[in-house]
């Protein structure tokens, strides 16, 4: 079943988004240091399974395996020329996983940062970044995504470039953008949640908010500030499952499903409309989030 | 305000052209290159680091300040060489094997350079052998970066490789990156950890005893 994100936001008080993709891919055997997007072609079944598990856990929005799918990031792996192919495949896999779902699922095309600093602080010109984002967005839309989902951003000028690129390639496709507030309540580049919410609302995005960072508590504070600044905004909360600790060379995140259930309730209380998770989370965390929200979701 | 104070202020404000001009004037006025460096440029960068740690300024301000210092150094460097002014120590820095993240490592490198260290930037996705080579070439400190929990274990490989090469006692290893903490530094036998570029400078100074 397909449904638009705007429709879901109209009809339900809170929506459940999925959890970490990288975490699951590495658990499934993806080699350290290799580009996760390659599995969209080499191991599509493994990627599809992760989507299916998140959907079964209750996710109504799933993010494609294309976080590092911009030409800039793929070029670090020598894969720049495969950007279109890998992003298209990412969207197709997610779409196919959603087809078997028992509930409506929105396919969101994940777009992460280029990994470079934009001018004037760095060398990447905003318009060149926009071109790379446009290429990625075009392929994601061609593969069948419903919305384009810009995430883990630190620099508002890179968000602008991504929005510009998406609109260039796919005018009319709804956009979502989330930033990462991991530096004393701000993004690495000093952006505040309040100012970002105001800017992103002004850019006409369907939803925006926060993802990744230093665990649920800091993210919840950011959401709170955004909600006070822009009470009408559709806010997105996607926190990491706590903080990582290394145990036998493997990262173990310290927030279990019960912690994420409490986080989900608080995120809703703080004004978030779309609630999911990020690094370190698994379908178990998303199931706990979905159950927590379902139990107490006011009927609208 | 003296010229030196103006240089320091210019760095804090990130005014590259002002800093450049004042450094030229100071040199013409016969000020020593070492004083210009230490009391002007480095002192300014140190203040920027403090402001960063206080949460008053963020990465963009740090970048602009570092750029101002960099520009001034192009004029000052020949005078420093002539006067025989040595860097505090040589630091080899890189993002460990398998990890392609550049920004955090670059910031740390810039702040260290701005504090008077000589930097050997080994880049991203750096195999352990390259860090070992850098120690052989005189790096007294090795600074390792990782942004991913999946590449963090490769930091330990570097510590082990330096150890196996018999160079561990002449090297200090410092680690950093979003998922890294002091506990992990202890776990892999690194000498220190820093949560951000500014604390990294403080930690490295502490490790080399200045």
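Laboratory data are not the source of any read-out in this text; all were calculated from the coordinates shown. On a predicted model such as this, the values are computed, not experimentally measured, just so you know. So basically every Cβ, Gly included, is an ideal-geometry build from the backbone, and we count neighbours across all protein chains shown.
What does the average come to when, for each residue of peptide A:34-47, you count the partner chain Cβ atoms lying within 10 Å of its Cβ?
Shielding by partners across A:34-47 averages 0.
Net length available on complete extension from residue A:194 to residue A:254 is 18.8 nm, with 0.36 nm assigned per residue and the Cα-Cα distance removed.
Helices in chain B, meaning DSSP H runs of at least 4 residues, each add -39500 (n - 2.57). Divided by all residues, the mean residue ellipticity at 222 nm is -16500 deg cm²/dmol.
What the Cβ-Cβ distance of residue B:183 and residue B:38 gives, at R0 = 45 Å and to the nearest 0.05, is a FRET efficiency of 0.80. Calculate the tail of P(r) for the stretch B:28-102: the fraction of all Cα-Cα distances greater than 17 Å, expressed in %. Beyond 17 Å sits 58 percent of the P(r) for the stretch B:28-102.
A viscosity of 0.890 mPa s and a temperature of 25 °C, combined with the Kirkwood radius over C-alpha pairs in the Stokes-Einstein formula, give chain B a diffusion coefficient of 141 µm²/s.
By the count of neighbouring beta-carbon atoms within 10 Å, fewest first, B:111, A:188 end up ordered A:188, B:111.
Packing around the peptides B:200-206, A:106-112, A:117-123, taken as the average count of other Cβ atoms within 10 Å per residue, puts them in this order, highest first: A:106-112, B:200-206, A:117-123.
For the protein assembly as shown, the antiparallel share of DSSP beta bridges with both residues in that region comes to about 10%. Across every direction, the projection of the convex hull enclosing the Cα atoms of the stretch A:1-105 has a mean area of 6.8 nm².
Rg and Dmax of the stretch A:205-300, both derived from C-alpha coordinates alone, stand at 13.4, 47 Å. Considering only beta bridges that DSSP places wholly inside chain A, some 15 percent are antiparallel. How much FRET efficiency would the formula 1/(1 + (r/R0)^6) give for residue B:86 and residue A:229, where r is the Cβ-Cβ distance and R0 is 45 Å, rounded to 0.05? The formula returns an efficiency of 0.30 here.
Counts of other chain beta carbons within 10 angstrom of each beta carbon in peptide B:101-112 average 2. The distance separating the Cα centre of the stretch A:1-43 from that of the stretch B:27-79 comes to 45 Å.
Compactness of the stretch B:90-208 is given as radius of gyration and Dmax, 12.2, 33 Å, from Cα positions.
Only Cα pairs under 8 Å and 6+ residues apart enter the sum, and on that basis the relative contact order of the stretch A:82-199 stands at 26 percent. Rg and Dmax over the alpha-carbon atoms of the stretch B:94-156 stand at 11.3, 33 Å. Within the stretch A:172-199, whose backbone N sits under 16 Å from a point 7 Å along Cα→Cβ of residue A:4? It comes to A:172-176, nothing else.
By the Kirkwood approach, averaging reciprocal distances over each pair of separate Cα atoms, the protein assembly as shown gets a hydrodynamic radius of 23.8 Å. For peptide B:54-64, the mean count of partner chain Cβ atoms within 10 Å of a residue's Cβ comes to 4. Would you kindly calculate the translational diffusion coefficient of chain A, applying Stokes-Einstein with the Kirkwood radius from alpha carbon pairs, for 20 °C and a viscosity of 1.002 mPa s, and quote it in µm² s⁻¹ without decimals? Using the Kirkwood radius from Cα pairs, D works out to 115 µm²/s.
Projecting label points 7 angstrom from Cα along Cα→Cβ for residue B:77 and residue B:163 puts them 3.7 nm apart. In the stretch A:28-171, the alpha-carbon atoms span a convex hull of 104 Å³ per residue.
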